[in-house]
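This report concerns only the one structure given below.
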Amino acid sequence: MTDEELMLAVCEGDRSAYQTIVNQHLKSISHYAFRILGNQKDTEDISQEVFLRLWINARKWNPEKAKLSTWLHRIAHNLCIDYLRKHGRVQTQESFEEEIEQISSSYGSNNDSSSDDGGKLQLLKQAMDLLPESQRSALSLCHYQGFSNKEAAAIMNISITALESAIARAKRSLRDQLLIVDEHKQGD
């Protein structure tokens, strides 16, 4: 069945069609939410809420406006943003730079665990977690979730130009901050 056929069935109360959609999209929604929230429990809560809203608002999906996956990620994005705002966890560029400095200090004092690829990946993950939400979302959607720039912009409700700018700023921030960490390590 196509997404459109499944959603028509969901509108008629077909729980089997609903479960099929959940099975097809849960992993992607959960990965996206985790990249934004960084917490498994919050991720599970948001993912459940996404699919609850799918069930309640199935008639609101318009296949001419967005693919089902785009619509679901848009719901997830909005829920994540609302959650971060409610819990005061929206990252600013200034706090990102401060936290990178803290990571840099611990990276330099712990050369052994950070010198392998696993340590570098962990460092990159920590740096990504500290990016402002808009930059982290843009990177996650385009580079980890596989959405096109057009789809990611629709999910985030921004222009394609704004999305590309957020990705460029995120990459520049990551590069610059990881260079600082590397220089700090070499200085020790």
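Observations on the structure shown:
- Of all residues in region 125-134, those being over 17 Å from residue 76 (Cβ atoms) and in a helix (DSSP H, G or I) number 5.
- Reported count of residues in region 54-77, each being surrounded by 16 or more Cβ atoms within 10 Å (Cβ to Cβ), part of a helix (DSSP H, G or I) and in contact (Cβ under 8 Å) with a residue 24 or more places away in the chain, is 11.
- Restricted to region 138-169, and to residues there that are over 12 Å from the mean Cα position of the chain (by Cα) and touching a residue at least 40 places away in the same chain (Cβ under 8 Å), the residue that is surrounded by the fewest Cβ atoms within 10 Å (Cβ to Cβ) is 157.
- Matching residues, region 1-17, being more than 18 Å from residue 74 (Cα to Cα) and crowded, with 18+ Cβ neighbours inside 10 Å: 6, 9, 10, 17
- Answer from 25, 31 - the residue that is outside any loop (DSSP other than H, G, I, E, B) and surrounded by fewer than 18 Cβ atoms within 10 Å (Cβ to Cβ): 31
- Output for region 1-56, where each listed residue is over 28 Å from residue 132 (Cα atoms), among the basic types (Lys, Arg) and modelled with pLDDT under 95: none
- Being out of contact with any Cys (no Cβ under 8 Å at 6 or more places or on another chain) and touching a residue at least 12 places away in the same chain (Cβ under 8 Å) holds for only one residue in 21, 36, and it is 21.
The values are calculated or read from the model by the stated rules, or taken from the named source; none is laboratory data. Worth saying up front: this structure is predicted, and the values here are computed from it rather than measured. Note that we place each Cβ from the backbone using ideal geometry, even for glycine, and neighbour counts take in every protein chain shown.
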